[in-house]
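The values are calculated or read from the model by the stated rules, or taken from the named source; none is laboratory data. All figures in this text were calculated on a predicted structure; none of them were measured in a lab. So basically every Cβ, Gly included, is an ideal-geometry build from the backbone, and we count neighbours across all protein chains shown. When the accessible area is computed, the model is the full protein with side chains, heavy atoms only, and any ligands, DNA or RNA have been set aside. Shrake-Rupley method; radii C 1.70, N 1.55, O 1.52, S 1.80 Å.
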Amino acid sequence: GGAFMPLPAASYAALFREKISKHGSNVYLVNTGWTGGAYGVGKRMDINVTRKIVASILDGCIHDCTFSEPDKYFQLSFPTSISGVDPKILDPSRAWADKNQYHLTCQKLAKQYKANFVKFERDEFMKHVAQFGPTGRALLGGTPKTPRFIMRDFLSHSGSLYNLDLEDTRHEIVENGEGSIVPANDSILVDTGKFTGRCPKDRYVVDAGAAHYNVNWGNINIPIKEETFDKVFECCAKRLWSLDRVYVFDGFVGASKKSRRAVRIVTELAWHHNFVTNMFIRPTPEELADFKPDITIINSNTVLESWKAEGLRSETCVAIDLNRHIGVVTGTQYSGEMKKGVFSIMNYLLPLEGIMSMHCSATVGPKGDTAVFFGLSGTGKTTLSADTTRMLIGDDEHGWDEDGVFNLEGGCYAKMINLNPEKEPLIHAAIRKGAVLENVVLDSLGHPDWDDASKTENTRCSYPMWHIPNHEPSGRAGHASNVIFLACDAYGVLPPVSKL
């Protein structure tokens, strides 16, 4: 989540603490990583075991369990038994055959934890922010300078293709040679080219105006001069304006109408249009009648020739301006940059309004109990939220306001590597017409080989929320009853579940 946190971590932590304290949320740590040994020795936690553990949290059965004494390394207590789960797995020390190596590994990881927290103790700026409570509601600093370019109205472009429907988008993708239709499931398959994931070292935030004072600058939020950003933005805009056709999507980010933003995303590639149409909330005809974007992202294949002179690391530039709520993507075709650009802007704006923005998945049960799952990519947010016994609110990006939890998106962006139709039936069934597969390898019969990582481990699929039959149509639910932090512990020493 750090890559999408423009503000200091302390501001999010304080706001989150306020939410869970006010609403009495139960908080758990669930390890979906290794057991019985570190990576290469132990084995990955079976997803069925994790599902049973999560089910015991969500149905409340875990409250009746006996918990161990806190361990001496991490001060974590874990249940000594859960129905249907081998007790040996619940206690990491019992799962390891080599007890001496277990203790050495615990000591190593505990030392790394302590070292990591030192930077927060020494960061005087973060201490300063923490003093002012969870919201930091008052923006600091002045206003941004006048833009050095004219913001083009891409709807007036003679070749503008606006909010295309599914059939027209598919036709454009195939006609342009951007992708092909997979006969096995009728989805679109594309190759993202050189980059099969985000480019965090080429991600920049404009250092100007209020953002200069509010942003937690460093190797995650890399500063870029406003003048340089404007040059990249204008270069990208000129490229788009010169094309015979451009794809314009208007929609919304945020299922809560109190805080949602209108989003416009302009792309050179039709499959990017398909992606953002899947991932953001589609507007009604009435909402489009007087649509005015609050956030604009433009994306093209152009490169700023003077990138070296401007101090950029490479030809690739993914940059956002938090003052003007605009972003630009150049030099990479990886689609996730667009959605994460919008989320980064929302992750800046919402906390300043006292709303917790969260990199998590969320579900709601039959009794109205909301659960949120925090975790980095690959820890199981999407997999565990695809639960046939509960309604899916969303799989990746949410807000938590005075009314409850709400989705920021209109779709899911699921990892495909090692997808198992039996263990993840809802996700597998969602890969159908309208979905976009990225970098998935087909076998000799033209079927997706979910285990083939020859292109990348980060194979992906975007699909609209309604491809999951048990999704919550409103994208909203009540306050979180259970908060679950997902960790993929490659050391294999964290328990499968512990109460925090």
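Residue-wise test of (1) outside any helix (DSSP H, G or I); (2) farther than 18 Å from Cys235 by Cβ; (3) free of Cβ contacts under 8 Å to residues at least 12 places away in the same chain; (4) not hydrophobic (A, V, I, L, M, F, W, C).
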| position | (1), (2), (3), (4) |
| --- | --- |
| Ile265 | yes, no, no, no |
| Phe275 | no, yes, no, no |
| Pro283 | yes, yes, no, yes |
| Lys292 | yes, yes, no, yes |
| Val303 | yes, no, no, no |
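Do we have Lys423 as part of a loop (DSSP other than H, G, I, E, B), within 22 Å of Thr459 (Cα to Cα), among the basic types (Lys, Arg) and open to solvent by 10 Å² or more (accessible area, probe 1.4 Å) here?
In short, yes.
Residues that are among the polar types (S, T, N, Q) and open to solvent by 20 Å² or more (accessible area, probe 1.4 Å) occur in segment 312-332; there is at least one. Among the residues of segment 185-233, those identified as buried (at least 20 other Cβ atoms within 10 Å of the Cβ), over 30 Å from Lys433 (Cβ atoms) and among the hydroxyl-bearing types (Ser, Thr, Tyr) are Tyr204, Thr228.
In this entry, Ala270 passes the filter for residues that are within 24 Å of the chain's Cα centre (by Cα), crowded, with 24+ Cβ neighbours inside 10 Å and hydrophobic (A, V, I, L, M, F, W, C).
With respect to the stated conditions, Trp400 is aromatic (Phe, Trp, Tyr), in contact with a His (Cβ under 9 Å, 6 or more places away or on another chain) and either open to solvent by less than 40 Å² (accessible area, probe 1.4 Å) or closer than 30 Å to Ser259 by Cβ (or both).
Which members of segment 34-73 meet the condition of being over 26 Å from Gly368 (Cα atoms) and either in contact with a Pro (Cβ under 9 Å, 6 or more places away or on another chain) or outside any loop (DSSP other than H, G, I, E, B) (or both)? Give the steps one after another, and end with the answer.
Narrowing segment 34-73 to residues over 26 Å from Gly368 (Cα atoms): 34-46, 66-73.
Hits for segment 34-73 are Trp34, Thr35, Gly36, Lys43, Arg44, Met45, Thr66, Phe67, Ser68, Asp71.
Looking at segment 176-229, which of its residues are basic (Lys, Arg) and over 30 Å from Gly446 (Cβ atoms)? Of everything in segment 176-229, those that are basic (Lys, Arg) and over 30 Å from Gly446 (Cβ atoms) turn out to be Lys201, Arg203, Lys225.
Criterion applied to Lys415, Lys381 was being touching a strand residue (DSSP E or B) at 6+ places or on another chain (Cβ under 7 Å), touching a residue at least 40 places away in the same chain (Cβ under 8 Å) and under 22 Å from Arg476 (Cβ atoms), and the one residue passing it is Lys381.
For Gly218, the criteria (1) small (Gly, Ala, Ser); (2) outside any strand (DSSP E or B); (3) modelled with pLDDT of 95 or more hold in every case but one, which is (3). Residue count for segment 383-403 satisfying the condition of being within 28 Å of Leu352 (Cβ to Cβ) and in contact with a helix residue (DSSP H, G or I) (Cβ under 9 Å, 6 or more places away or on another chain): 8.
Scoring Pro366 on the criteria (1) in contact (Cβ under 8 Å) with a residue 60 or more places away in the chain; (2) farther than 24 Å from Ala262 by Cβ leaves a single failure, condition (1). Annotation: Ala237 fulfils all but one of (1) open to solvent by 10 Å² or more (accessible area, probe 1.4 Å); (2) out of contact with any helix residue (DSSP H, G or I) (no Cβ under 7 Å at 6 or more places or on another chain); the unmet one is (1).
Considered as a group, the residues in segment 1-43 that are hydroxyl-bearing (Ser, Thr, Tyr) and in contact (Cβ under 8 Å) with a residue 40 or more places away in the chain include one that is surrounded by the fewest Cβ atoms within 10 Å (Cβ to Cβ), and that residue is Tyr39. Apart from one condition, Glu438 fits all of (1) of a type in the set (D, E, K, R); (2) free of Cβ contacts under 8 Å to residues at least 40 places away in the same chain; (3) open to solvent by less than 40 Å² (accessible area, probe 1.4 Å); the exception is (2). The residues of segment 455-482 that are over 28 Å from Arg17 (Cα atoms) and among the small types (Gly, Ala, Ser) amount to a single one, Ser462.
Here is a yes/no grid of residues against (1) aliphatic (A, V, I, L, M); (2) within 30 Å of Thr35 (Cβ to Cβ); (3) modelled with pLDDT of 50 or more; (4) part of a helix (DSSP H, G or I):
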{"position": "Leu109", "(1), (2), (3), (4)": "yes, yes, yes, yes"}
{"position": "Ala115", "(1), (2), (3), (4)": "yes, yes, yes, yes"}
{"position": "Phe120", "(1), (2), (3), (4)": "no, yes, yes, yes"}
{"position": "Val129", "(1), (2), (3), (4)": "yes, no, no, yes"}
{"position": "Leu139", "(1), (2), (3), (4)": "yes, no, no, no"}
{"position": "Thr143", "(1), (2), (3), (4)": "no, no, yes, no"}
{"position": "Ile150", "(1), (2), (3), (4)": "yes, no, yes, no"}
{"position": "Ser158", "(1), (2), (3), (4)": "no, no, yes, no"}
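Taking the criterion of being under 21 Å from Gln107 (Cα atoms), in contact (Cβ under 8 Å) with a residue 24 or more places away in the chain, touching a Leu at 6+ places or on another chain (Cβ under 9 Å) and open to solvent by 20 Å² or more (accessible area, probe 1.4 Å), would at least one residue in segment 57-70 satisfy it?
First, the residues of segment 57-70 that are under 21 Å from Gln107 (Cα atoms): 68-70.
Within this subset, residues satisfying the condition of being in contact (Cβ under 8 Å) with a residue 24 or more places away in the chain are none.
No.
Among the residues of this structure, Ala487 counts as one that is at pLDDT 95 or above, small (Gly, Ala, Ser), within 18 Å of the chain's Cα centre (by Cα) and more than 19 Å from Arg390 (Cα to Cα). Restricting attention to segment 266-278, the residues that are over 18 Å from Ile326 (Cα atoms) and in contact with a strand residue (DSSP E or B) (Cβ under 7 Å, 6 or more places away or on another chain) total 6. Of note, Glu472 satisfies the criterion of being of a type in the set (Asp, Glu) and open to solvent by 40 Å² or more (accessible area, probe 1.4 Å).
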